[in-house]
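The values are calculated or read from the model by the stated rules, or taken from the named source; none is laboratory data. Note that the structure is predicted; figures quoted are calculated from it, not measured. Ideal geometry is used to build each Cβ from the backbone, glycine not excepted, and the neighbour counts take in all protein chains shown.
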Amino acid sequence: MIPTETATGVQQADQLAGVQPEMVKDVPARIIFDHALLPLASERPETLSLACADPFTPGVAGLVNFLAARPVQWTAAPAEEVAAQIKTHFGVGADTIHQMMGERAWQDLGDEQPGEQEEEVAVIRFVNQIVHEAYRDRATDIHLEPMEKSLRIRYRIDGVLHQVPMPSSLKRFESAVTSRIKVMAGMDIAEKRLPQDGRIHFKIDGDEIDVRVSTIPTAFGESVSLRLLNRDDAIIGLDRLGLTERDQKIVRQLIQRPHGIILLTGPTGCGKSTTLYSCLSEINSVDQRIITIEDPIEYQLPGVNQIQVKPEIDFDFARGLRHILRQDPDVIMV
């Protein structure tokens, strides 16, 4: 969209084009990210063109003019558009990565300031950013995959993996990011040779989110996968699974039978757990003794006896099932 100019000399645009991330060098990155400024292509080389949600924020224009040491052409755009363009061109958490880069530079010079504590805070903020961003994008999974020269981050949204734009310098902080996630999940950060599993609890926009964490060693470092589970959306009725009325009727008839076995199969993220819990919720009543054995227990079902396997103490599915059969169950879910 072609920007229109107001009487104040500030241009206005609903959509932004001609973004030039390399122009960040003209203004300190901290100023760019702190005030959500977006460098744009300028028709005149002697002019710096910047977009932001509110160019009239007290002190911002004067500070930028002083630091850039040349005229600045401002463009006002919706905050959502500016944020989306910053994410696209600089990557998720770019402000935090730039902060960590600055702190590493101080340390490389032998200065104790800002120090390790500030970098740790920045890493914590970055991990929180990618989880919050993924949840708001309706992602079910987050994958942090170490490549030879980069750390690739992908979100699974509606069953499809999407690569998330990330600053190229993120690879330098791969170990710190992975360690932070492992600490949050209660894992052993020193153990990098074996796969590990853990859980993290987040509260995002008032929603209770459980994050299931899995790490596995690869050729270029530990690959980390996070599965996002919304507690509030955990148990839904069969009528909300997207089944036709005919299929709902068939499923209800099957799960009401007093004997038999039902196999529920499918690829990762297709809704197996959601369907299983919906079926258990449908038949859960005081006259039914339901016992589950799971790894892990994804959602808590009131009235259902749920068992977590613990291979480290030799309590696996086979052993658990043998003892469940002595517990007089009506329904068993594995």
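Suppose the filter is assigned by TED's automatic domain parsing to the domain that holds residue 168 and at pLDDT 65 or above; does residue 117 pass it? For residue 117, the condition - assigned by TED's automatic domain parsing to the domain that holds residue 168 and at pLDDT 65 or above - is met. Of everything listed in (1) under 23 Å from residue 209 (Cβ atoms); (2) surrounded by fewer than 18 Cβ atoms within 10 Å (Cβ to Cβ); (3) among the small types (Gly, Ala, Ser), the single unmet condition for residue 175 is (1). Filtering the stretch 249-273 to residues that are under 33 Å from the mean Cα position of the chain (by Cα) and either exposed (fewer than 11 other Cβ atoms within 10 Å of the Cβ) or at pLDDT 95 or above (or both) leaves 263, 265, 266, 267.
Sort out which residues of the stretch 70-93 are in a loop (DSSP other than H, G, I, E, B), at pLDDT below 80 and either surrounded by 14 or more Cβ atoms within 10 Å (Cβ to Cβ) or assigned by TED's automatic domain parsing to the domain that holds residue 162 (or both), and write them in order of number. Residues satisfying the conditions are 91, 92, 93. Looking across the stretch 201-218, the residues that are free of Cβ contacts under 8 Å to residues at least 60 places away in the same chain and touching a strand residue (DSSP E or B) at 6+ places or on another chain (Cβ under 9 Å) come down to 201, 203, 208, 213, 214, 215, 216, 217.
Filtered by the rule that a residue be closer than 17 Å to residue 222 by Cβ, surrounded by fewer than 18 Cβ atoms within 10 Å (Cβ to Cβ) and either in contact (Cβ under 8 Å) with a residue 60 or more places away in the chain or touching a Pro at 6+ places or on another chain (Cβ under 6 Å) (or both), the stretch 144-165 gives 145, 147, 148. In this structure, is residue 10 under 22 Å from residue 89 (Cα atoms), surrounded by 13 or more Cβ atoms within 10 Å (Cβ to Cβ), at pLDDT 75 or above and outside the structural domain of residue 168 (by TED's automatic domain parsing)? So residue 10 does not fit the description; no. Only strands (runs of 3 or more DSSP E) whose full extent lies in the stretch 216-317 are considered here, and the ones with at least 2 residues that are in the same structural domain as residue 185 (by TED's automatic domain parsing) are 221-230. Only residues that are surrounded by fewer than 18 Cβ atoms within 10 Å (Cβ to Cβ) and at pLDDT 90 or above were counted across the stretch 280-299, and they come to 9.
A residue that is of a type in the set (Asp, Glu) and closer than 13 Å to residue 10 by Cβ cannot be found anywhere in the stretch 64-82.
Set side by side, the residues 242, 266, 271, 260 differ, and just one is of a type in the set (Gly, Ala, Ser) and in contact (Cβ under 8 Å) with a residue 12 or more places away in the chain, which is 271.
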